[in-house]
Structure formats: structure tokens, C-alpha cells
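Input: a single structure, listed below in C-alpha cells.
The values are calculated or read from the model by the stated rules, or taken from the named source; none is laboratory data. The structure presented is a predicted model; accordingly, all values stated were derived computationally and were not measured. Quick reminder, even Gly has a Cβ in these numbers, built from the backbone with ideal geometry, and neighbours come from all protein chains shown.
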Amino acid sequence: MAKLIYTAITSLDGYVADAEGNFDWSMPDGQVHAFINGLERRCGTYLLGRRMYDVMAVWDDFHGRTDLPAEMQEYADIWHDADKIVYSTTLETVTAARTRLEKKFDAGAVAALKAASVGDISVGGPTLAAEAIRAGLVDEIIQFISPIVVGGGIPFLPDGVKLALELVDERRFDNGVVYLAYRCNP
């Protein structure tokens, strides 16, 4: 069975974007980006909320470009080759390759997808991830902590949820980013 993995780059105080919605402070350098690519390569499907899809859809435009750094070219290929499911009540269409639109998150359908998938599944965006966490579907939580405190904004994890976690991997990068990987409900 595939694992459902929630990955995000956060501030030290646990936000994926600041109070104004900015996340420019979270852009990975080449070393971090290459490491993330290694993790993302195992995912065959991305589950995305609307805002995360809006941010990530640019990777379709990057596919096949040779004027980008190697780690960006590699991620564009990873993105292009993966299936994507976007959950949105407001989007009418999606334009990224291999992408389908669902109007609402269906925990039963995601559980069935996990059971049938060969590659792991990535859930992107804290709102959608919160639904998957509350439904008990998330198997791993991966956090890249940036060396910045933003003082508020969009939280990485939902309020009101308790999870037993087991640290399964960690790494410190030259730019001060710290990678932590946890197994849920060990």
C-alpha cells in the first residue's frame, strides 16, 4: 500500500506563509531543492488544494526548459510525470498535465487510492493536509524548517489534532534549513 506523505517548508514558528500570505522566505536553495527532489521522486500522485495548485502549476511551464538550474529541471520532470488531483469548489478547469479536478475531499476515495497505488502519494497545502490528517490518512509528515520566525500566518499543522509521531530521519543543510521526517501513529 502507498503512503500518504505531507511535506512542507515552514518557518521556525510553524507557518507555511506569513500573515500577508508571503512565502518567499521558504524558497529552497540548490542543495535543499535537490534533496526534496529525491523525496518527491517516490510520489506518483499529488493531492493539492486550490492555492497549492495555483502555486505549483508553474512547473508545467518549466518542463523541458534547459535554461534552469539542474534541480529545477529535475523537479519539472517529476511534476510533469506525476498524476495530480486538485480539490476545489471554485475552480472550473485545471490546465496542468495529468491533472483532474475534484470538488471535495473524499477520505474513502483517498484511502482506496492509497490501497491501489504503486508510488507514494503527496498531499500538498495545509488546508487539504488538515483534512487528510483528521481522517487518519497521513502516514508521514515531513517538515523543512527555515531559519526564520514570521510571527503568524498560515499554520503548517491544524489546531485540535493530536498525533503520536516517530522521528525516522533528519538532516541539517548548509543554509540552516533542518529536515525532519516523522512516521504518524507508530
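Assorted remarks:
- Among the residues of the range 94-103, not a single one is surrounded by fewer than 18 Cβ atoms within 10 Å (Cβ to Cβ), over 26 Å from Gly38 (Cα atoms), in contact with a Gly (Cβ under 9 Å, 6 or more places away or on another chain) and free of Cβ contacts under 8 Å to residues at least 60 places away in the same chain.
- Thr90 meets the conditions (1) among the polar types (S, T, N, Q); (2) within 28 Å of Ala19 (Cα to Cα); (3) surrounded by 15 or more Cβ atoms within 10 Å (Cβ to Cβ) in every case but one. The failed one is (3).
- Taking every residue in the range 158-182 that is in contact (Cβ under 8 Å) with a residue 24 or more places away in the chain and part of a strand (DSSP E or B) and pairing it with any residue that is among the hydrophobic types (A, V, I, L, M, F, W, C) and loosely packed, with under 12 Cβ neighbours inside 10 Å, at least 6 positions away or on another chain, the pairs with Cβ-Cβ distances below 7 Å are Leu180/Leu167; Tyr182/Leu167.
- Close pairs from the range 129-140: first assigned to a helix (DSSP H, G or I), partner of a type in the set (Phe, Trp, Tyr) and modelled with pLDDT of 95 or more, Cβ under 8 Å, at least 6 apart: Ala129/Tyr6; Glu131/Phe105; Ala132/Tyr6; Ala132/Phe105; Ile133/Tyr6
- Scoring Ala112 on the criteria (1) at pLDDT 95 or above; (2) assigned to a loop (DSSP other than H, G, I, E, B); (3) surrounded by fewer than 19 Cβ atoms within 10 Å (Cβ to Cβ) leaves a single failure, condition (2).
- Filtered residues of the range 148-174 (kept if in contact with an Asp or Glu (Cβ under 6 Å, 6 or more places away or on another chain) and either loosely packed, with under 12 Cβ neighbours inside 10 Å or of a type in the set (A, V, I, L, M, F, W, C) (or both)): Val149, Val150
- Number of residues in the range 86-100 that are over 12 Å from Gly49 (Cβ atoms) and either assigned to a loop (DSSP other than H, G, I, E, B) or of a type in the set (A, V, I, L, M, F, W, C) (or both): the value is 7.
- Scan of the range 14-38 for residues that are over 16 Å from Leu180 (Cα atoms), surrounded by 12 or more Cβ atoms within 10 Å (Cβ to Cβ), touching a residue at least 40 places away in the same chain (Cβ under 8 Å) and out of contact with any Asp or Glu (no Cβ under 6 Å at 6 or more places or on another chain), ordered by number: Ala17, Asp18, Trp25, Asp29
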